[in-house]
Amino acid sequence: MKNVLPALKIGDLVIPKPIIQGGMGVGISLSGLATAVANEGGIGVIAAVGVGLLENDFAANYQEANQRALRNEIRKTRKNTKGVIGLNVMMALTDYKEILNIAIDEKVDVLLLGAGLPIDIPNEVGIDRLKESNVKIIPIVSSGIAAKIILRKWDRNFGFIPDAFVVEGPLAGGHLGYKKDELDLESNKLENLLPKVIAEVKIFEEKYKKEIPVIAAGGIFTGSDIYNIMKNTGAKGVQMGTRFVATTECDATDEFKNEYIKCKKEDIVIINSPVGLPGRAINNNFLKHVDDENKPKIRCPWVCLNSCNIKTAHYCIGMALANAKRGDLENGYAFCGANAYRVDKIVSVHELFEELENEYSIAVDQNK
């Protein structure tokens with residue numbers, strides 16, 4: 001008999017399959033992908049960053065375009081699924097507060113907060129409004145220390161705590177929460193990070209008499225990986241990004257998706273992002289020539305990230321990623337996870353879930 005994936009419970013929210021689709025910014029995970037994942041029983045996630053770059057009027061009024069586009073994507077997703085939908089929000093966004101309010105207005109089920117520690121709730125949002133919304137708050141952290149800081153601050157200042165945590169290891173795609181020389185440390189392997197976060201969470205689970213599931217992210221590729229990381233660490237679910245790029249419903253162009261299919265292991269590199277963080281990407285001509293002196297001067301429509309210094313940046317990362325999303329890889333590049341070279345075909349989200357569930361089932365049988 002087939003062993004099915006266990007449900008993931010976050011407070012009163014029950015997710016039939018314990019898979020969160022990673023939020024991939026600047027148009028890679030919008031309503032198309034999020035809807036398909038939610039309809040399969042996972043959490044479909046829209047990434048808030050850079051949605052406005054895909055609007056025709058972004059150069060004249062980026063902030064308004066971004067917020068308008070984001071509302072539209074959330075509404076399209078909600079219209080087409082009865083499943084669980086989430087919004088991935090980078091705290092480094094200059095319109096972070098406004099986006100939190102949009103998430104509450106549009107009644108997303110889950111808020112995933114990354115690129116910083118969410119130790120404060122902006123006054124423009126308000127503690128009471130956040131509580132009343134019943135949106136589940138899930139910080140994305142890369143250490144037990146980070147989880148501890150968040151839990152203590154929320155406990156002391158607000159009298160409530162986040163509903164779950166995603167622990168993102170150094171094999172993840174895009175911007176990473178580590179310095180370059182920390183990526184290969186044994187202590188930073190995902191399987192070693194998770195127990196530390198779970199230990200910190202346990203203290204507050206007992207105090208608040210609630211379960212706070214910890215979710216594993218970064219380098220998880222197969223159903224067997226899902227089984228092993230959950231069985232061996234106590235994680236209650238996983239977040240996966242790379243596998244969902246190579247799906248028919250992913251909101252990127254086929255040219256972008258084919259970067260994954262064509263790439264080899266040696267093509268995957270760690271770059272220095274203009275926003276001051278290391279990032280994992282697929283190497284290409286654009287990245288090889290970002291330091292060229294004859295590159296055109298950067299035009300910045302709006303400083304979308306607080307940590308981006310336009311005076312020292314060699315290119316606008318928002319525009320580069322928007323170009324790549326559209327398939328213009330000569331003027332941009334694709335972020336990816338460490339296992340992107342293992343992707344060999346484009347499948348539907350339904351087929352991917354079937355594959356993961358079958359692999360999970362086999363792993364269960366093999367470990368009886």
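Conditions (1) at positive phi; (2) surrounded by 15 or more Cβ atoms within 10 Å (Cβ to Cβ), marked per residue:
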site	(1), (2)
213	no, yes
247	no, yes
270	no, yes
276	yes, yes
285	no, no
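Residues in the stretch 276-320 that are β-branched (Val, Ile, Thr) and either modelled with pLDDT of 65 or more or within 18 Å of residue 94 (Cα to Cα) (or both): 282, 290, 303, 310, 312, 317. Out of 110, 141, 167, 135, I need the residue that is touching a Lys or Arg at 6+ places or on another chain (Cβ under 6 Å), assigned by TED's automatic domain parsing to the domain that holds residue 220 and in contact (Cβ under 8 Å) with a residue 24 or more places away in the chain. Which one? From the options 110, 141, 167, 135, the qualifying one is 110. Is there a residue in the stretch 64-78 that is part of a loop (DSSP other than H, G, I, E, B), within 23 Å of residue 275 (Cβ to Cβ) and under 19 Å from the mean Cα position of the chain (by Cα)? Within the stretch 64-78, none of the residues are part of a loop (DSSP other than H, G, I, E, B), within 23 Å of residue 275 (Cβ to Cβ) and under 19 Å from the mean Cα position of the chain (by Cα). List the pairs whose first member sits in the stretch 84-104 and is under 11 Å from residue 67 (Cα atoms), whose second member is in a helix (DSSP H, G or I) and of a type in the set (A, V, I, L, M), and whose Cβ atoms are under 9 Å apart, counting only residues at least 6 apart or on separate chains? Filtered contacts from the stretch 84-104: 99/70; 100/130; 102/70; 102/74; 103/70; 103/74. Let me spell it out: the conditions are (1) in contact with a Lys or Arg (Cβ under 7 Å, 6 or more places away or on another chain); (2) within 26 Å of residue 364 (Cα to Cα), and residue 233 meets all of them except one. Which number is the exception? Checking residue 233 against (1) in contact with a Lys or Arg (Cβ under 7 Å, 6 or more places away or on another chain); (2) within 26 Å of residue 364 (Cα to Cα), the one that fails is (1). Going through 57, 95, 109 one at a time, which residue ends up being touching a strand residue (DSSP E or B) at 6+ places or on another chain (Cβ under 8 Å) and not small (Gly, Ala, Ser)? Going through 57, 95, 109 in turn, the sole match is 109. Right, residue 14: under 21 Å from residue 326 (Cβ atoms), assigned by TED's automatic domain parsing to the domain that holds residue 114 and either in contact with a Leu (Cβ under 7 Å, 6 or more places away or on another chain) or modelled with pLDDT of 95 or more (or both) or not? Spelling it out, it is not the case that residue 14 is under 21 Å from residue 326 (Cβ atoms), assigned by TED's automatic domain parsing to the domain that holds residue 114 and either in contact with a Leu (Cβ under 7 Å, 6 or more places away or on another chain) or modelled with pLDDT of 95 or more (or both).
Tell me, please, whether a residue that is modelled with pLDDT of 95 or more and not hydrophobic (A, V, I, L, M, F, W, C) can be found in the stretch 175-187. No, the stretch 175-187 contains no residue that is modelled with pLDDT of 95 or more and not hydrophobic (A, V, I, L, M, F, W, C). Select from the stretch 222-245 the residues that are of a type in the set (Ser, Thr, Tyr), surrounded by fewer than 22 Cβ atoms within 10 Å (Cβ to Cβ) and within 23 Å of residue 176 (Cβ to Cβ) and list them in ascending order. Listed by number, the residues that qualify are 222, 233. The sole residue among 65, 36, 69 that is in contact with a strand residue (DSSP E or B) (Cβ under 9 Å, 6 or more places away or on another chain), small (Gly, Ala, Ser) and in the same structural domain as residue 244 (by TED's automatic domain parsing) is 36.
If you check residue 182 against the conditions, is it among the acidic types (Asp, Glu), under 19 Å from residue 340 (Cα atoms) and either surrounded by 14 or more Cβ atoms within 10 Å (Cβ to Cβ) or in contact (Cβ under 8 Å) with a residue 24 or more places away in the chain (or both)?
For residue 182, the condition - among the acidic types (Asp, Glu), under 19 Å from residue 340 (Cα atoms) and either surrounded by 14 or more Cβ atoms within 10 Å (Cβ to Cβ) or in contact (Cβ under 8 Å) with a residue 24 or more places away in the chain (or both) - is not met.
Just to be sure before I move on: is residue 115 modelled with pLDDT under 90 and either within 28 Å of residue 55 (Cβ to Cβ) or under 20 Å from the mean Cα position of the chain (by Cα) (or both) in the structure I sent?
Answer is yes for this residue.
If the condition is being surrounded by 24 or more Cβ atoms within 10 Å (Cβ to Cβ) and acidic (Asp, Glu), then the stretch 160-172 contributes only 168. Of all the residues in the stretch 113-159, those that are crowded, with 17+ Cβ neighbours inside 10 Å, closer than 26 Å to residue 78 by Cα and small (Gly, Ala, Ser) number 3.
Among the conditions (1) modelled with pLDDT of 95 or more; (2) in a helix (DSSP H, G or I); (3) not polar (S, T, N, Q), residue 53 misses just one, which is (1).
Scan the stretch 241-253 and give yes if some residue there is within 13 Å of the chain's Cα centre (by Cα), part of a helix (DSSP H, G or I) and of a type in the set (Ser, Thr, Tyr), otherwise no. Checked the stretch 241-253: at least one residue is within 13 Å of the chain's Cα centre (by Cα), part of a helix (DSSP H, G or I) and of a type in the set (Ser, Thr, Tyr). For the stretch 86-112, the set of residues classified as more than 19 Å from residue 52 (Cα to Cα), surrounded by 19 or more Cβ atoms within 10 Å (Cβ to Cβ) and not aliphatic (A, V, I, L, M) consists of 109 only.
The values are calculated or read from the model by the stated rules, or taken from the named source; none is laboratory data. Just so you know, these numbers come straight off a predicted model, no measurement behind them. With ideal geometry, Cβ positions are generated from the backbone for all residues, glycine too; neighbour counts draw on all protein chains shown.
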